[in-house]
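Worksheet for the structure shown next.
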């Protein structure tokens, strides 16, 4: 009887230990200790990955009260150090006016920085911006260029959009856009090789 009770307790302990891992599809909130450590590394050491982690904590309200202004500040710090995911998130925040004044031109600036590093979601969104003329003059050839790069990385919607906008371009414009796409792709590959 005692052995059975011990087995049950062991099973319950294992379930309790594993439950948070198996039931949490999302990232768990930061502990106070982890948040303090992340803040120190972000602020005093200036590690872009820690700055982004702190920004995400503020943006999602995980472990801290949601604060879009603080999130924008830390995404900006990481973005300025070249972290493409932070550049992309900062662009989204400028586009929505979250924690910063809504500014489509600045959104495009940050989308472009992330896109030139090969960050596919930014390439797709930059194509959308050129197609709609949101934050930049409308330019279907430029939209085609960025959709082509995202499509080459396997982005299905980018492939569809590229083909849709190709219908609005002349043969010569498509050829020039393809040349520009190839040139940008080569420059991105060369930059990655130098890292």
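The values are calculated or read from the model by the stated rules, or taken from the named source; none is laboratory data. Only a predicted model underlies this, so the values are computations on that prediction, with no experimental measurement involved. Positions of Cβ are generated from backbone atoms using ideal geometry, with glycine treated the same way; all protein chains shown enter the neighbour counts.
Values for this structure:
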quantity	calculated
Members of the stretch 165-177 found to be assigned to a helix (DSSP H, G or I) and loosely packed, with under 14 Cβ neighbours inside 10 Å, listed by number	171, 172, 175
Of all residues in the stretch 93-121 being in contact (Cβ under 8 Å) with a residue 24 or more places away in the chain and within 14 Å of residue 59 (Cα to Cα), the one that is surrounded by the most Cβ atoms within 10 Å (Cβ to Cβ)	93
Some residue of the stretch 184-193 being buried (at least 19 other Cβ atoms within 10 Å of the Cβ) and not assigned by TED's automatic domain parsing to the domain that holds residue 72	no
All helices (runs of 4 or more DSSP H) inside the stretch 46-164 with 2 or more residues being at pLDDT below 95 and more than 17 Å from residue 184 (Cα to Cα)	48-60, 68-80
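Yes/no matrix, rows are residues, columns are (1) over 25 Å from residue 78 (Cα atoms); (2) over 21 Å from the mean Cα position of the chain (by Cα):
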residue	(1), (2)
130	yes, no
141	yes, yes
150	no, no
158	yes, no
164	yes, yes
175	yes, yes
182	yes, yes
190	no, yes
195	no, no
